């Protein structure tokens, strides 16, 4: 048994094969599945993570037929020629002593194309395409397609398959009355409704034989109206075991559920209690999932008997060596997933290649390579925000001598404000990781050390990188210097006192963050999260839903924007709805089409639709974007220095850490 994290790193014997530890790298669609030369890139992507020590991996979803596509020409496995491409992946993984399963995913009514099928012709609220009702012949053919897909996966060298039966995809759609209105043997009674997934598992087992892993992803908590009851979940789990599954994985929430399940405001391990309820009901291993991002939380979940195995997906985007570092007892060296969704899910749902905000090399392993330098240089980086830190670390990894200057007492830049937002505490982890890497790579960090043009006179730096970041945008508004006025920096970083009623000028990401900060007065515990979002921990209701119980807001807040568009319209594709819904819960007044007039002792004077009004507030907080702090760049150039500019200093995007870190890395790889 391992000295560190004994439960997490304990092998799992499946009878015909053994997993080296209890860690599953869960399924993620990266976009490489459809990319030109994508399988070569996927092979490297998975091989790097197999080398990192993970016990078992699952691919992104692969459709068993055309109707099951997640989108037009999405990944599919229904022919030998398609199977041949997958050999690149399995050979690469096995060369690193890893194991990998292929996920078979039929999207059902979630497919974003006109050929979608479902148990009944009921359109999803999140898809413009109405599905075709599967005929009885179509159902039987689909079962055969699942079996053929699994057989081809076996032929391609996979160690098993995961059958996607949760998150509201086709199998899940058959199970519940919400989407199955059939009156034949595939609908009506619960026994009839679960017949389809059971026949799929039986057919797959018959096709692949006994010595092949079959994971069934079971929706244990639907989080939608008219979903499954807990008794139904238990009954189905037992039937799935009888049908031939090797392992049952936990699925939480349908895609159309209006409850966050993996975003950063979900407490760590926030749904492992669901899996624990099923422990002892079946005799095959159970995997728990969602918001497990450190070896410590994974170890506790297993030691507390919540599951036999843990699934972590995005943490392996953030750090492919997660397991190796845990084995060595080096948790501080792990680049922790912050569950921001910005480069993974947001990319996937915008048809871009997925990556990771804190690790831009994820899914780009064949493109971004740190090559040791043959000509060591002396490099200065000015500014220890995300861009400057990333540049300093990667430059030092290449073997250059790097000095990082920071005017403030700590590194992190804008992250030091982001970490103060309730639900964004994970940014503490990124700062911790940055500090570790700066020391590990011998970067000479000089804190409380502002520099100017004169400082570099006589210095012998070969190149200088300016990463001086951003400053809050100043408004040209009468009364802007009034004592009532604060900037978001005053509030988040400097902790200046804020009154009971507040107006926020600006409704971008900063405005929403400040509103969350000003209206939240509770710790992000699992119990509070369940109460706030209406999750029935007893699962006594269908779908596990209860009426939401909002806490009284800490303050009365108005959030204002000039434009007439949707408030928060530029927030992340997969998280924006959460932030807008959170504002509604906290009774934040969202007001668009505002013209700002002036600020005085009476408050903020505005005009809307030609009607003047005064918001009698204690404070006005300016959240109206940023401007670049880049005066040093041109001054250094004029003196003949070889100088680069990155991050917010280059372009003042709204707290875009993804862009900043990636730009810092790319520059480092060129130096």
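Each value in this text was obtained by applying a stated rule to the coordinates, not by laboratory testing. As the structure is a computational prediction, the values presented were derived from the model and not from experiment. When we count neighbours, we look across all protein chains shown, and the Cβ atoms used for this are built from the backbone with ideal geometry, even at glycine.
Apply the Debye scattering formula to the stretch 268-406, with a single equal point scatterer on each alpha-carbon and no solvent, then give log10 I(q)/I(0) at q = 0.09, 0.12, 0.13, 0.15 Å⁻¹.
Relative scattering, expressed as log10 I(q)/I(0), comes to -0.39, -0.64, -0.72, -0.89.
How far, in nm, would the chain grow between residue 177 and residue 40 when pulled straight, counting 0.36 nm per residue and subtracting the alpha carbon separation?
This chain segment gains 45.1 nm when fully extended.
Could you list the square roots of 5 times each eigenvalue of the Cα gyration tensor of the stretch 349-464, that is, the equivalent ellipsoid semi-axes, sorted largest first and rounded to whole Å?
Values for the stretch 349-464, descending: 26, 21, 12 Å.
Multiply the residue gap between residue 123 and residue 66 by 0.36 nm, knock off their C-alpha separation, and tell me the result in nm, one decimal place.
Between residue 123 and residue 66, full extension yields an extra 18.7 nm.
Which whole number in µm²/s is D for the stretch 315-359 by Stokes-Einstein, with the Kirkwood Rh taken over Cα pairs at 10 °C and 1.306 mPa s?
Answer from the Stokes-Einstein relation: 143 µm²/s.
Between residue 190 and residue 94, with labels modelled 7 Å along Cα→Cβ, what's the label distance in nm to one decimal, could you check?
A separation of 4.2 nm, rounded to one decimal place.
Rounded to the nearest 5, what % of DSSP beta bridges with both residues in the chain are antiparallel?
20 percent
Compute the Cα gyration tensor for the stretch 53-212, then decide on rounded, prolate or oblate, letting a ≥ b ≥ c be the square roots of its eigenvalues: rounded whenever a/c is under 1.5, prolate when a/b is larger than b/c in the other cases, and oblate in all that remain.
Prolate, because a/c is 1.5 or more and a/b exceeds b/c.
Based on alpha-carbon atoms only, what is the radius of gyration of the stretch 474-624 relative to the globular estimate 2.2 N^0.38 Å?
Cα-based Rg divided by the globular estimate yields 1.15.
What number, in percent, do you get for the relative contact order of the stretch 544-671 if the mean sequence gap of Cα pairs under 8 Å and at least 6 apart is divided by its residue count?
Relative contact order comes out at 15 percent.
Rg(Cα) of the stretch 607-659 divided by 2.2 N^0.38 Å?
1.90
Using all Cα-Cα distances in the chain, what percent lands in each 10 angstrom bin from 0 up to the longest?
Per 10 Å bin, starting at zero, the Cα-Cα P(r) for the chain comes out as 3, 15, 23, 24, 19, 11, 4, 1, 0 percent.
Pop the C-beta distance of residue 549 and residue 501 into the FRET formula with R0 = 30 Å and round what comes out to the nearest 0.05.
So the FRET efficiency works out to roughly 0.80.
Give me the number: length gained by fully extending residue 408 to residue 115, i.e. 0.36 nm times residue separation minus the C-alpha to C-alpha distance, one decimal in nm.
99.8 nm
For the stretch 544-597, what Kirkwood radius comes out of the mean inverse Cα-Cα distance, in Å?
Radius from the Kirkwood sum: 12.8 Å.
What base-10 log of the normalised intensity I(q)/I(0) is obtained for the stretch 8-50 from the Debye formula, alpha carbons as equal point scatterers, at q = 0.27, 0.30, 0.31 Å⁻¹?
-0.92, -1.02, -1.06
Note down the relative contact order for the chain as a percent, whole number, built from C-alpha pairs under 8 angstrom at least six residues apart.
12 percent
Using a simple spin-label model with points 7 Å from Cα along the Cα→Cβ vector, what separation in nm is obtained for residue 87 and residue 155?
It works out to 1.1 nm between the two label points.
Once every Cα of the stretch 114-161 carries one equal point scatterer and solvent is ignored, give the base-10 log of I(q)/I(0) from the Debye formula at q = 0.13, 0.21, 0.22 Å⁻¹, two decimals.
Each listed q corresponds, in turn, to -0.45, -0.76, -0.78.
Place a point 7 Å from Cα of residue 452 in the direction of its Cβ. Which residues in the stretch 385-411 have their backbone N less than 18 Å from it?
Hits in the stretch 385-411 for residue 452 at 18 Å: 405-408.
With a point put 7 Å past each Cα toward its Cβ, work out how far residue 136 is from residue 670 in nm, to one decimal.
The two pseudo-label positions are separated by 6.6 nm.
Given a cut-off of 31 Å, what percent of all Cα-Cα pairs of the stretch 12-348 lie beyond it?
Result: 26 percent of Cα pairs exceed 31 Å.
Of all the C-alpha pairs in the stretch 62-145, what % are more than 16 Å from each other?
57 percent
Does anyone have the angle between helix 136-155 and the longest principal axis of the chain? Alpha-carbon axes, 0 to 90°, nearest 10?
Around 70 degrees separate the two axes.
Calculate for the chain the 222 nm mean residue ellipticity that helices alone would give, adding -39,500 (n - 2.57) per DSSP H run of length 4 or more and normalising by residue count, nearest 500 deg cm²/dmol.
My calculation for the chain gives -9000 deg cm²/dmol from helical runs alone.
Under the √(5λ) rule applied to the eigenvalues of the Cα gyration tensor, what semi-axes describe the equivalent ellipsoid of the stretch 399-538? Give them in Å, descending.
35, 25, 11
In angstroms, what radius of gyration and Dmax does the stretch 254-299 have, counting Cα atoms only?
12.1, 33
Using only Cα atoms, what is the ratio of the radius of gyration of the stretch 514-573 to 2.2 N^0.38 Å?
Relative to the rule-of-thumb radius for its length, the stretch 514-573 sits at 1.47.
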